[in-house]
Amino acid sequence: MSAMLSVRDVSAGYGGRMIVEGVSLDVPAGQIVAVIGHNGAGKSTLLKAVFNLLPGRRGRVRLGDTVLDGLAPQRLLAAGLAYVPQERSTFPKLTIAENLRMGAYLLDDAALIAERTERVLALFPALRARLGQLAGTLSGGEQRMLEIARTLLVAPRAVMLDEPSIGLAPKMVDTVFDTARRLAGQGVAVLVVEQNVRKVLAAADTGIVMEMGRIVLADSAASLRSDDRVARLYLGAAGRAFSAPAHP
Amino acid sequence: MRAFEIIGGLLALAGLWALPQWGELSPYVLHIATLSAIYAIPAIGLNLMLGYGGLVSLGHAGFVGIGGYAAGLLMVDAGWTFWAALPAAMLASGAAGALVGALCLRLRTHFFMIVTLAFGLILHAVMNNWEELTRGPVGLAGIPRPEAIALFGAEIAFRRLPDFYRLTMAAAMAALAVQALIVRSDFGRMLAAIRQDEVLASARGVPVMAMKVAVFAIGSAIAGAGGAFKVSFLRVAAPASFDMLESINIVLIVIVGGAGHLLGPVLGAGLFVAVPEALRVASAWRLVVFGLVLVLLMRFAPQGLAGLAADAVRRLRGKGALRAPGHA
Amino acid sequence: MTKIVRRAALSVLAVGAALAGFTPIAAAQDRVTIGVLTALSGPLAAPGRFQMNGINLAVEDANAQGGVEIGGRRYQVEIKVYDTRGNPAEGASAMQRLTTVDRVPVVIGELSSGVAAAVAPIAADNEVPFILTVPTGPNLTKANNRWLFRVNAHNDQLSQALADFISRQGWQPLAYIAWNNDAGRGGVQSMSRLLPQGWRIGYTGFFNVGEVDFSAHVTNIRNAGARAVMLFMDEEPGSLAIAQIKAAGLDVQLIGTLAMGSDRFLRRLDAQRLNGMVQYNAFPPNAAVPRIQGFSQRYRAKFNEEAHGFAAQSYDGLMVALAALRAAGSATDARRVREALTRIDHEGVTGRLRFDAEGQASPPVYVTQWCADGRRRILYPADVVADCGAG
Amino acid sequence: MSDAAAISLAVAGVSKSFGGVRALADVSFALPGPGLYGLIGPNGAGKTTLFDVIAGRQIADAGRVLLDGRPVQGLRPHELAAVGLARTFQECRIFPEWTCLENLLFSLRPKGLAGALGRIVTRRATAAAEAIRDARRLLALATLDAYADMPASVLSFGQRRLLEIVAALMGRPRLLLLDEPAAGINPGLLGVLADLIRMLHAERGGLFLIVEHNMEFIMGLARHIVVMHQGAVLEEGPPAAIQASARVIEAYLG
Amino acid sequence: MLLAVAEQVLNGLMLGSIYVFVALGMMLIYGVMHVLNFAHGALFMLGGYCAHLVFTQAIGNYALAILAAIVMLIAVGAVIERTVFAPLRDNLRNQVIASLGLVLFIENLVVVLWGPNALQFRIETTQAVVSLGVLRFRVQHLLIIGVCALCVTALFLFLQRTRFGTAIRAVAQNPRAALVVGIDVVRVHRVTFAISMALAAIGGALLGPLFLLFPQMGDLPLVKGLAGILLGGMGSIGGAVVGGLLIGVIEAVSTLVIATDYRDAVTFTAIVLVLLLRPQGLFGVRTREEA
């Protein structure tokens, strides 16, 4: 299986404390890979490490044939790797149009931008009607849409989503995962970190379980859904199931 | 370790007390030490507000000035003794602090900063312009040093520098002790709660506004005491002693010394008075160098001198467990 | 590691060497050091520059004549200059250092009356005489401080002649624009006290040091219908104030102080704008008096500008100090220097200087007026009245 | 402080706007006695705003909040805390510089300015041994016992959330407002969290009102649920009824 | 009286324009980098001195001298940004103290290099007096107001209409998100600092010829500019402009009725009152909680 996004032996942490240790994974084009795990298992840190936001990261990251190690975020984006962080990343006092324009910040070709914006708006019709509105007036779910839509303007080859469903009402959560599916449908490699295990495993092709900064289990999403351990640990079955504290 | 600190503290105290007796020590050194103590007192007041309460006031010198003028006028015009004028000065500054605090504490950080700066400017304008009361820019001259007192049969004449030095040193120590007591009291814990998270503190039942006004008043009262000592030391209360630059200097002392550290204001005041004095030989370059020293200090000792000292102590004791939380 | 240590050591040495460069290297010959307080920084640094010019010139003159002879030995004269920044506490520390570390026998200088009030008691504590050369607050020498002397005239002395002049001319209503500091407020107080009872004052406006826009005052003066405007400030804001008054087309008599003394001032303005302005002065640089002419020439030769009153006063301050040292016969005994000062009778460039019981000298005060060609005439006192070019 | 066994909360006609946007429009409901209550609704339905109004952080434009039948709208947060209200925050707030134990014990400090000024230079003798025992037990229940003496800043988000909840409970509140306690908590821990809340409620009594997005969690926990939609109450009732309500499904569950 | 008011309003607009130059520069840096730069007044002063240096020593053309001053100040600003402010990012308190250290450094360095006495910066062409009815103003007055309007318009268009300008606003609102969409945040910071320095240079070079150049000439505009920012509501360009102008006008007009020695006190009392009634400033919106 040829991977679009390939992560090898990545380790990272804050201030000398390792939170992710020696993680390797592959995301093929057109597929969704979901990373699940407890709080503090290092899922979000993994995405930040891949996107080169943490100093002192070790390991190698490749996108297609491009080696991404040591590139600044804007170079990563130019190479085709997009990242939607967990916390809000819209610009609340810019209009939606301006937010989209910022999504295409790295592009210079006006015609190309116009064409891609058109495509994106076709995909997210709800945004078209409100182009002149400030992004801050959108609901949380709509802002999440805008964030994802925005990344499409650079025509990424891979997208990383960090907890896209956090703080969203159930109805919106489904919409977000539908969007992720549509992304994959366009041939994009999608790496998603998520708390909502049930929903994300329903949408993903592959699931990866992280604990204490390492991968402990990787399998197809379908088989993980029926895995006892996963059910017990993450799908809300009863029992005192705390893993050891994340980082003492 | 506690015992080590206490013994060290006592030794330092004894050393400071005996300073005037050390051989042919120049009065200049005593003068500088006295001035440092006089700067340390309002800085301690501001440290309570800024370091422990998170209130960055840029008008502190105004409250030092209220105390200074209150004490000076009571002594010169009403013939009070220093000992009676001192508490009156603290009362005046404290009341003014409570009033100003109640007015401007509703404002958020930067707005609060600028509004306190505005109050500092207004107070300075009043000191400078209300000539009938304050004697205007030339200042209120003829303020006496504290009256001599008899202690165990020996007369302590504060007129003389060594005794005045001991008095201000004792006053600074007293302010330091009050600061330590407040910081460690229940009041101090509530203050610490406010500094960490105002919203949460309020939800936990801390009357945030009232606490802030209280700490503003206390900080101002301590500043007022500093003012009384300052005018008695200089024997003149002039508006130039309480201008905006002076307010900024006190903030500088607190932060350079290490805001939120008990000893920060003392270290800061020492540095602030001593470095420019040491640089007198540099003549016109003096303040150029001093400015550079400040920039470098902030760049390489962001926690201030007290933070630097704490780090050094921790390193000496070996591995430093956890970093002192907070105070960023 | 060693590299870092070496680099650190080198930089310490470099800084040390740099600092050492500022302190005079001790030489074989005997030296007497006079303490000087002035403002090298802060808002008073500009007048401080004139003060230092006068003092430096005095040192140069004294040493050119082989130094000063004290008790049968010749001493080279040196000065130790400390900055007070216009801050009372700074001044107090500087005075403490001069008198107890540097152990100078006499201190001269200072600009601000507020600083002087904090500094003078320290001179008294340490029993070192202190000679003021610029501050004009009348109360300074009335504080019963035996160690304080002043060579320059204070506000009441300065204002006396001009007040007479103004009242004779009938210039009322009179307006003031003054610095909101000791010089400005003190000047207004003295002048108002010395003008005849009930003299109409149309407007009094104070401005803070550093302010440069006088339009508000100009508007108010026009509204008050003032016939004359008196400016208590030094030449820098003064030039702006006059320019703004003239630009607004106000037809008023301008009245100034000695702080607006030199042709630096004139260079900022067209002579036309100054035409007719009267001012009190301690040192009319072009007067046909030998001591004045001599000083003016030496000053111009060294600094390439017209001599400033502050410079002349400060020159005299240092010369008076030297005369006292000479008379005391000691380069170290400050008590004897003080004694000598009380009896001093010095012919200075600003006039004959003797101190009264309060330590105040009474140098002559002049009233001068600017002519259309940018020169000055002397209107007062009667014995030196002179026409354009000799003021 | 009156008894936790007899507490009631009622909201009557509360409205609140921010710059023309109507966040709450005439919200009314009554929670008649102690128990576990849920408050759900889509994003932007006004749940947190309502919490802020009840807890005194926001002042309603109109309407009343009744605690034990007494109006308390307009009281400030610390005054409400004094009558037995505690809350947690959606964004999770703790005192990061203090240890977990100190975070809990702070809930017991003397409050009010008079009390504070009275203790301006004194420290209450170390907290009663009983209180410390209670605090340690709560920490153990929240699986935070290992962190009792560490600064709270070292905790992960989920752990902070647990700390926040037990710290709020430490003061034995009569009315506890929990804002999304399950957000950011591992699904695997949700059962434990629900047990913890249920147990502490059984032990200490009082009225717990819980804002939550996680349906499974809240349906299993609360005995009565209020559903908000677009700033108003859409439906009210026991979980089963809510799950069956067509209006709720239409507006929310989808 | 009406005449006097008109005169003072125009005067206030001129003074206010100077404050706007300072306020805008400080606001941009604060909004984008969260740096409260108290050295801005000293840099403003340095701009005036640089223009004077070039004008008297090199070219003698006012416009070119201003351009040269802009270039010089941008260079100085780049050094300061890289050595002081960038390393102290996210530490507002230390930045403030460091910037106060810079004030001492710059002002006293100017005293050492140029001397403490004021310099005259005379541009003959702008000394001319124009009459507006009975009122007379110097060309320089009108030049200041005009250039200020020009700069504000240009800045506004740049921020609203260009990609980089939008990126600057984006960084101000959400720097982490800016990183994610590929904006070079460091570059945005540097460009913002450069714009701010250019505004300071223009302001200093414009004020110099009207009055005098002296080492403390930036102190008052700094305080007033800061007040203007707050009056307008921190974080809004329009607010900084209106706030700065308003301060100028308030202080000029107030002198007609209140003694001038309380001029600054009056201005600041007005600000205190406004802030007490409207704590977020005239145009501010309450958004993020500031730590």
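The values are calculated or read from the model by the stated rules, or taken from the named source; none is laboratory data. Because the structure is a prediction, the values reported are computed rather than measured. Note that we place each Cβ from the backbone using ideal geometry, even for glycine, and neighbour counts take in every protein chain shown. Heavy atoms of the whole protein, side chains included, go into the accessibility calculation; ligands, DNA and RNA do not. Shrake-Rupley method; radii C 1.70, N 1.55, O 1.52, S 1.80 Å.
Each of C:Asp156 and E:Gln160 was given a label point 7 Å from its Cα along the Cα-to-Cβ line. The distance between the two points is 6.5 nm. Across the accessible surface of segment A:60-159, with the other protein chains kept in place and a 1.4 Å probe, carbon and sulfur atoms take up 56 percent. The fraction of Cα-Cα pairs per 10 angstrom bin, counted from 0 for chain E, comes to 7, 28, 36, 22, 7, 1 percent, rounded to whole percents. Translational diffusion coefficient, Stokes-Einstein: compute it for segment C:119-201 using the Kirkwood radius over C-alpha pairs as Rh, at 10 °C and 1.306 mPa s, and state it as an integer in µm² s⁻¹. For the chosen part, D equals 112 µm²/s.
Summing Cβ point charges (Lys, Arg +1; Asp, Glu -1) relative to the Cα centre of the protein assembly as shown gives a dipole of roughly 1580 debye.
May I ask you to give the average projected area over all directions of the convex hull of the Cα atoms of segment B:3-321, in nm² rounded to one decimal? Before the final figure, lay out each step's value.
Working: hull surface 74.7 nm².
The orientation-averaged projected area of the Cα hull of segment B:3-321 comes to 18.7 nm².
Provide the FRET efficiency to the nearest 0.05 for the D:Arg64-D:Ala240 pair, computing r from the beta carbons and using R0 = 22 Å. Before the final figure, lay out each step's value.
Details: r = 31 Å, r/R0 = 1.39.
Once rounded, the FRET efficiency stands at 0.10.
Each residue of segment C:312-391 gets 97 Å³ once the volume of the Cα convex hull is shared out per residue.
According to the square roots a ≥ b ≥ c of the eigenvalues of the Cα gyration tensor, what is the shape class of segment D:186-228, taking rounded for a/c under 1.5, prolate for a/b larger than b/c otherwise, and oblate for the remainder? Since a/c reaches 1.5 but b/c is at least a/b, the shape of segment D:186-228 is classed as oblate. Kirkwood radius, the protein assembly as shown, all distinct C-alpha pairs, inverse of mean reciprocal distance: 36.0 Å. The separation of segment B:243-266 from segment E:198-216, counted between C-alpha centres, amounts to 32 Å. In the full protein context, chain B carries 36 Å² of accessible surface per residue, based on a 1.4 Å probe and ignoring ligands, DNA and RNA.
Shape call for segment A:124-211 from the C-alpha gyration tensor, a ≥ b ≥ c root eigenvalues: rounded (a/c under 1.5), prolate (a/b greater than b/c) or oblate? Because a/c hits 1.5 or more and a/b fails to exceed b/c, segment A:124-211 counts as oblate. Here each label is just a point 7 Å from Cα along the line to Cβ, and for A:Ser2 and D:Ala232 those points are 5.9 nm apart. Split the accessible area of segment B:221-309 by element, probe 1.4 Å, and carbon with sulfur accounts for 80%.
Throw me the Rg/Rh for chain C, computed over C-alpha atoms with Kirkwood Rh, two decimals.
Values: Rg = 22.2 Å, Rh = 21.9 Å.
Rg/Rh for chain C comes to 1.01.
Chain E packed on chain A takes about 1900 Å² of accessible surface away from a 1.4 Å probe, both sides summed.
Compared with the rule-of-thumb size 2.2 N^0.38 Å for a compact globular protein, segment D:81-211 has a Cα radius of gyration ratio of 1.04. Of the residues D:Ala244, D:Ala81, D:Ala55, the one that moves most in a GNM of chain D with alpha-carbon contacts below 10 Å is D:Ala244. Taking only the Cα atoms of segment A:1-129, the radius of gyration and Dmax are 16.7, 48 Å. The alpha carbon convex hull volume per residue for segment B:37-169 rounds to 119 Å³. Between chain D and chain A, the total buried accessible area stands at approximately 2100 Å², from heavy atoms with a 1.4 Å probe.
How many percent of Cα pairs in chain A exceed 26 Å? Numbers along the way, then the final one.
Values: 11663 of 30628 pairs.
Across chain A, Cα pairs with separations above 26 Å total 38 percent.
Take peptides E:195-204, C:356-365 and line them up by average Cβ neighbours within 10 Å, highest first, as a rough protection proxy.
On the way: E:195-204: 28.7, C:356-365: 18.6.
Highest-to-lowest ranking by the protection proxy: E:195-204, C:356-365.
Can you give me the Cα centroid spacing of segment E:121-136 and segment D:17-66 in angstrom? Centre-to-centre distance over Cα atoms comes out at 63 Å. In segment E:83-121, the residues that give up 50 Å² or more of accessible area when the other protein chains are added, compared with the chain on its own (1.4 Å probe), are E:Arg93, E:Asn94, E:Ile97, E:Leu100, E:Leu104, E:Phe105, E:Asn108, E:Val112, E:Pro116, E:Asn117, E:Gln120.
Which whole number gives the average, over all residues in D:71-84, of C-beta atoms from other chains lying within 10 Å of the residue C-beta? Don't jump to the answer; show the numbers that get you there.
Details: counts 0, 0, 0, 0, 0, 4, 10, 11, 3, 3, 7, 2, 1, 1.
What the average comes to for D:71-84 is 3.
Taking only protein heavy atoms and a 1.4 Å probe, the accessible area of chain E is 69% carbon and sulfur. The residues of chain E expose, per residue, 34 Å² of accessible area to a 1.4 Å probe.
Restricting to bridges with both residues inside the protein assembly as shown, how much of the DSSP beta-bridge set is antiparallel, in percent to the nearest 5? Don't jump to the answer; show the numbers that get you there.
Numbers: 67 of 136 bridges.
Close to 50 percent.
Shielding by partners for peptide A:57-68, expressed as the average number of C-beta atoms from other protein chains within 10 Å of each residue's C-beta, is 0.
The mean of 1/r over all distinct Cα pairs in chain D, once inverted, gives the Kirkwood hydrodynamic radius of 18.9 Å. Between 0 and 90 degrees, the angle of helix C:309-328 with respect to the longest Cα principal axis of chain C falls at about 40 degrees. Here the Gaussian network model covers chain E, with springs between Cα atoms less than 10 Å apart; of E:Ile80, E:Ile258, E:Ile97, E:Ile258 fluctuates the most. Within the listed set D:Leu176, D:Leu209, D:Leu189, the Gaussian network model of chain D (springs between alpha-carbon atoms below 10 Å) gives the highest mean-square fluctuation for D:Leu189.
Within segment B:183-328, the percentage of alpha carbon pairs spaced more than 29 angstrom apart rounds to 31%.
Percentage of Cα-Cα pair distances in segment C:122-255 greater than 25 Å, rounded to whole percent? It would help to have the intermediate numbers written out before the result.
Values: 2920 of 8911 pairs.
The share of Cα pairs beyond 25 Å in segment C:122-255 comes to 33 percent.
Across segment B:222-258, the residues whose backbone nitrogen lies under 19 Å from the label position 7 Å along the beta-carbon direction of B:Ala84 are B:225, B:228-229, B:232.
Take every Cα pair under 8 Å whose residues are at least 6 apart in sequence, average their separation, divide by the length of chain D, and the relative contact order is 28 percent. Axis of helix D:187-204 versus longest Cα principal axis of chain D: the two differ by about 80°, to the nearest ten degrees. The B-C contact accounts for approximately 2800 Å² of buried accessible area, totalled over both chains at a 1.4 Å probe radius.
Okay, helix-only estimate at 222 nm for chain C: each DSSP H run of n ≥ 4 adds -39500 (n - 2.57), divide by all residues, round to 500 deg cm²/dmol; what do you get? Present the calculation step by step, with values, prior to reporting the outcome.
Working: 13 runs with 169 residues, N = 391.
Using -39500 (n - 2.57) per qualifying helix, the result is -13500 deg cm²/dmol.
The simple spin-label model puts a point 7 Å past each Cα toward its Cβ; for D:Arg247 and E:Arg136 those points are separated by 7.9 nm. Across q = 0.21 Å⁻¹, segment D:160-252 modelled as identical point scatterers on its alpha-carbon atoms has Debye log10 I(q)/I(0) values of -1.10, in the order of the q list.
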